Amino acid sequence: MSSIIVVFPKKENATNIRNILVRNGFGVMAVCTTGAQAIQYADDLDDGIIVCGYKLSDMLYTELREYLPETFEMLLVASPEKWHDGRIPGVIGLGTPIKVFDLVNTMEMLMRTMERRRKKRKADLKNRNPKQQALVKQAKELLMERNHMTEEEAHRYLQKCSMDSGTNMVETAQMVLSIMAE
């Protein structure tokens, strides 16, 4: 299940949105008042949904979107004139005043989208040829040896680097091997 992070400059607004989501069966991981807090939580996740307002105390929603991994979706709760101008990939707008029915339906749509992407990523993992699998394994072994990581930590490190750089696991493994070989 995707993790949901709710971010609004007023804690009261964030808590109200969280309560609506929880009452409707969604798991909310965190409630934040700044973009920096949301980024901190997002860094520990593979994917998820950020529900936020237009302007946070430390950044605009556009800046927050830039700092998030590609695997995250953003639900922007703001007046339509704030988000109709420029469409930003990975951002869905929900107009204010917010209606519970619209919020719940939009979240269900985003959750289905996230689940489809997750299944596609899993299928892509299974489609690696033996040479690619060996490359990823070699990179993990090198990380385990040099950085004293467990196999799971090394795998997670490669995954995170892959998401952050926008490359696939095999390309990331190649980069790790070339950098650590120097």
Checklist entry - Can you name the residue in segment 17-65 that is basic (K, R) and closer than 23 Å to I88 by Cα and, of all such residues, is least open to solvent (accessible area, probe 1.4 Å)? => result R65
Checklist entry - Which residues, counting only those in segment 66-79, are part of a strand (DSSP E or B) and either among the charged types (D, E, K, R) or open to solvent by 40 Å² or more (accessible area, probe 1.4 Å) (or both)? => result E73
Checklist entry - Among the residues of segment 127-137, which ones are surrounded by 14 or more Cβ atoms within 10 Å (Cβ to Cβ) and not aliphatic (A, V, I, L, M)? => result R128, Q132, Q133, K137
Next on the checklist: List the helices (runs of 4 or more DSSP H) inside segment 103-182, counting only whole elements, that have at least 1 residues being within 18 Å of E70 (Cα to Cα) and acidic (D, E).
Outcome noted: 151-165, 169-181
Checklist entry - In segment 161-182, which residue that is over 19 Å from Q133 (Cβ atoms) and free of Cβ contacts under 8 Å to residues at least 12 places away in the same chain is most open to solvent (accessible area, probe 1.4 Å)? => result E182
Checklist entry - When segment 131-158 is examined, which residues are found to be hydrophobic (A, V, I, L, M, F, W, C), out of contact with any Ser or Thr (no Cβ under 9 Å at 6 or more places or on another chain) and in contact (Cβ under 8 Å) with a residue 12 or more places away in the chain? => result L135, L142, L143, A154
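The values are calculated or read from the model by the stated rules, or taken from the named source; none is laboratory data. Bear in mind that the values here come from a model prediction, so they are computed numbers and not experimental data. Glycine gets a Cβ as well: all are built from the backbone with ideal geometry, and neighbour counts include every protein chain shown. When the accessible area is computed, the model is the full protein with side chains, heavy atoms only, and any ligands, DNA or RNA have been set aside. Shrake-Rupley method; radii C 1.70, N 1.55, O 1.52, S 1.80 Å.
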